[in-house]
Amino acid sequence: MEVPFWNKEIETLDRARLRGIQTERLKQIISWALKTPLYNKRLNQAGIHSENDIKDIEDLTRLAFTTKDDLRKNFPRGLLAVDMKDIIRVHSSSGTTGIPTVIYFTGDDIENWTDLLARSIVATGATSEDIFQNMMTYGLFTGGLGLHYGAERVGMMVIPIGGGNTKRQIQVMKDFQTTTLHITPSYMLHIHSKLEQEGVSLSDLSLRKGFLGAEPHSENTRLKIEELLNIHAYNSYGLSELNGPGVAFECVYRKDMHVWEDGYIVEIIDPVTGELKEEGEQGEVVLTNLIRRGTPILRYRTRDLAFLHPEGCECGRTHRRLSRILGRTDDMLIINGVNVFPSQIEEKIMKIPEVATNYQIYVDKKGQLDRLTVRVEIYPKLFLGDVSNLEALRVKIKEELKSSIVINPVVELHEPGSLPVSEGKAKRVLDERPKD
Ligand code: AMP
Ligand code: ZN
């Protein structure tokens, strides 16, 4: 397979030199972070009074973790490390609860971030000949603008359509013969379910690639998307606190995501004890941004669960690969004492051929006990057949789920289009148990 590079030298740098670059950049970031009250206090407590106290990236492990709560407490300007006049952009997280988090970018910060995105895009094999339909929300959310700038830098033709309006999305895909999409996996599946209704078939389109990000999805969902749309799908990971997309991206081999380690330091920790995990062991992803001055963020607890691959990649890049996000420390459901991750449910149901493109996880109480209901949409033709076939399918799904999550869920079969749809990040889990 041909392996394209944006910056081959950096992307294939030997690990010792990469570590040298990380150390240099970390020193720089620490000197900026010391200008903010929060990090000034925390770094001093860790015995780091100036960048000269950093000899190696390992010195960073003396510092306490940064949490979302730290960012919220410092809203809106507490973590700003430069003069406001040097800031050219602000982004804010999509946080659904309470105070948002805010990140400021200088011109150089945007430049560095854009470069990582161009690198990510080129790693997938996309080129300036591609027509790029950016279906992520534009605005304070980083997904839209981030990839927009990266794609322009690569020289793609960008269609800045943003999220939503399915009918128009499909029309635009056809009119401009879009080759590459940037989209959430749930919206991708929804778009597919509407093609027929819009009188459009895959042969009317020129789709080749999809960059899928912003929400957890299983390998089986990726396979389903690749099969239904006849495209290659590339996992794209990032979060606004660390710039947004472009933290980690899949290369042409599509075997998990290279973390751009000249831009980020990645650690995997035990979410309970905070201890560092070995390569290959699953834990919470902790990230330090090495390329942003406006709002320095060190050792940020992402709450995302994943592991680092110990071995390299066939493409020759030396930047380590992060597994897909296997869940979040905070999306774990505890059902009658058993821990259940929505990702376990998704992985199972997306493998079942009769299951269509949407599902929902519903939790409530029946008497004293928790009750887990999995609602799945199935293909319409199945509703036309024998009722006993439907019942057999329902039992099959239930058994499949039980084998993975241990508890016995209620399974409901729904017609396509009957469950709520999202055009951005999907909200798959509805927990209606009383809160106390
Ligand atoms: P935001 O800060 O609004 O961009 O949200 C970032 C969060 O979205 C991350 O911490 C992840 O939980 C989730 N996310 C982003 N990209 C992915 C991905 N490729 N796979 C799974 N989850 C993702
Ligand atoms: Zn690779």
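The values are calculated or read from the model by the stated rules, or taken from the named source; none is laboratory data. This structure is a prediction, so every number in the text was calculated from the model and none was measured. Every residue, glycine as well, gets a Cβ built from its backbone with ideal geometry; the counts of neighbours run over all protein chains shown.
Tallying residues that are closer than 24 Å to G163 by Cβ, away from ligand 2 (no atom under 16 Å from the Cβ) and of a type outside the set (D, E, K, R) within segment 224-265 yields 12.
Checked against (1) away from ligand 1 (no atom under 11 Å from the Cβ); (2) of a type outside the set (A, V, I, L, M, F, W, C); (3) within 29 Å of A16 (Cα to Cα); (4) surrounded by 19 or more Cβ atoms within 10 Å (Cβ to Cβ), P245 passes all but condition (1). Looking across segment 102-111, just one residue is buried (at least 20 other Cβ atoms within 10 Å of the Cβ) and in a helix (DSSP H, G or I), and that is D109.
Please list, ordered by residue number, the helices (runs of 4 or more DSSP H) wholly in segment 119-214 having 2 or more residues that are within 25 Å of T101 (Cα to Cα) and free of Cβ contacts under 8 Å to residues at least 40 places away in the same chain. So that I can check it myself, show each step before the final result.
Values: elements: 142-154, 166-175, 185-195.
In segment 119-214, 142-154 are the helices (runs of 4 or more DSSP H) which contain 2 or more residues that are within 25 Å of T101 (Cα to Cα) and free of Cβ contacts under 8 Å to residues at least 40 places away in the same chain.
Does segment 25-42 include one or more residues that are in a loop (DSSP other than H, G, I, E, B), in contact with a helix residue (DSSP H, G or I) (Cβ under 7 Å, 6 or more places away or on another chain), surrounded by 17 or more Cβ atoms within 10 Å (Cβ to Cβ) and modelled with pLDDT under 95? Within segment 25-42, not a single residue is in a loop (DSSP other than H, G, I, E, B), in contact with a helix residue (DSSP H, G or I) (Cβ under 7 Å, 6 or more places away or on another chain), surrounded by 17 or more Cβ atoms within 10 Å (Cβ to Cβ) and modelled with pLDDT under 95. Report whether or not S343 is surrounded by 12 or more Cβ atoms within 10 Å (Cβ to Cβ), under 18 Å from K224 (Cα atoms) and outside the structural domain of A306 (by TED's automatic domain parsing). In short, yes. The residue pairs whose first member lies in segment 294-316 and is aromatic (F, W, Y), whose second member is within 16 Å of ligand 2 (Cβ to nearest atom) and in a loop (DSSP other than H, G, I, E, B), and whose beta carbons are closer than 7 Å, counting only pairs six or more residues apart or on different chains, are F307/S323.
The strands (runs of 3 or more DSSP E) falling completely within segment 236-291 that include 1 or more residues that are among the aliphatic types (A, V, I, L, M) and over 27 Å from G125 (Cβ atoms) map to 264-269, 283-289.
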